[in-house]
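The structure appears right after this line, and notes come after that.
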Amino acid sequence: MTEIPPDHPRYLSLKERHGIIDGMHQKIVAEAGLIAHGRGEAFDYLLGEKTPDYALEQEKAAVAHLLLAKNSVISINGNVAILCPDSLVQLAEETGAKLEVNLFYRTVEREQNIKQILLDAGAKEILGVELGETAATIPEITHNRRIVDPEGIFKADVVFVPLEDGDRTMALRKMGKIVLCVDLNPLSRTSVWSNVTIVNHVRRAAQEMVDIAKELKNLSREKLSEILDNYDNNSMLKDSVKYMAERLLTLSQEKLQEG
Ligand code: ATP
Ligand code: MG
């Protein structure tokens, strides 16, 4: 692991970047995962690398869905396995969700490596690994990208995809599932097509969702449903775009000279 001085102003972000690079060398993160992370960093810059209030509301709605689900699954890819495995394992524990390794670029080696990270983080059961003949498929998607576990995402009513691709989000929606995602780009197809989009860094979102789950899990089903009654994903996405746009203007006033 490359050393970064802890007093560097962007220590956490750089440490994370090196974690993702190392994860690629260790066959956990896909090459395209590096590029996806870079795009995420650019949006997170606009958030000042902090969680805005609107995101806490999005996270609360997502947790309410997980707690109300009959059968929920948290989907794990290489990037989230590097960025926040402990929080996602805890979130599964607090909400009763299952964990499934679900990869866009699927190889047996990467599946096994991610499974090991989740085991090290305390997970007991991990779906989506070495499915072989038993694999189920998401209709309308091609090749390896469509493989899911018949006991996991395939039969789930609620799927939390912390980082996902637009085509697969759409396909899961067409299968009738409630899709919850984290995406720092409020305008991606994943963001627009999900039932609840959390526009925040996945590391912060996952951590905060564990705390929210600890609070909400004692609520009645009626109270949890009330959280979702007036929830409008589109309007929450507009709030996030507005927040980013305003931040961009404020930042430019701070950093650029008048004139
Ligand atoms: P879509 O397929 O949904 O239309 P896209 O093709 O533009 O999106 P992808 O390459 O599929 O984008 O995925 C990258 C997305 O993941 C980017 O929108 C990026 O903001 C988001 N992202 C990357 N890293 C993180 C992170 N750490 N936390 C939250 N979001 C992230
Ligand atoms: Mg995409």
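FYI, it's all coordinate maths here, none of it is from the lab. Just so we're clear, the structure is a prediction, and the values are computed from it rather than from any experiment.
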- Query: Once the convex hull of the C-alpha atoms of the chain is built, how many Å³ does it hold per residue, rounded to a whole number?
  - Reply: 138 Å³
- Message: To check my understanding: the extent here is largest minus smallest coordinate of the Cα atoms along each principal axis. What are those three numbers for region 153-259, in Å, largest first?
- Response: 59, 34, 25
- Summing -39500 (n - 2.57) over every DSSP H run of at least 4 in the chain, dividing by its residue total and rounding to the nearest 500, the 222 nm mean residue ellipticity is -16500 deg cm²/dmol
- Taking every pair of alpha-carbon atoms in region 10-149, what share in percent sits in each 10 Å bin, from 0 to the bin with the longest distance? 11, 35, 39, 14, 1
- Once all Cα-Cα distances of region 90-207 are split into 10 Å bins that start at 0, what whole-number percent is in each one? 13, 45, 38, 4
- Most mobile listed residue (ILE227, ILE153, ILE35) in the chain, GNM with C-alpha springs under 10 Å: ILE35
- Note on the structure: Rounded to the nearest 5, the percent of DSSP beta bridges in region 53-237 running antiparallel is 10 percent
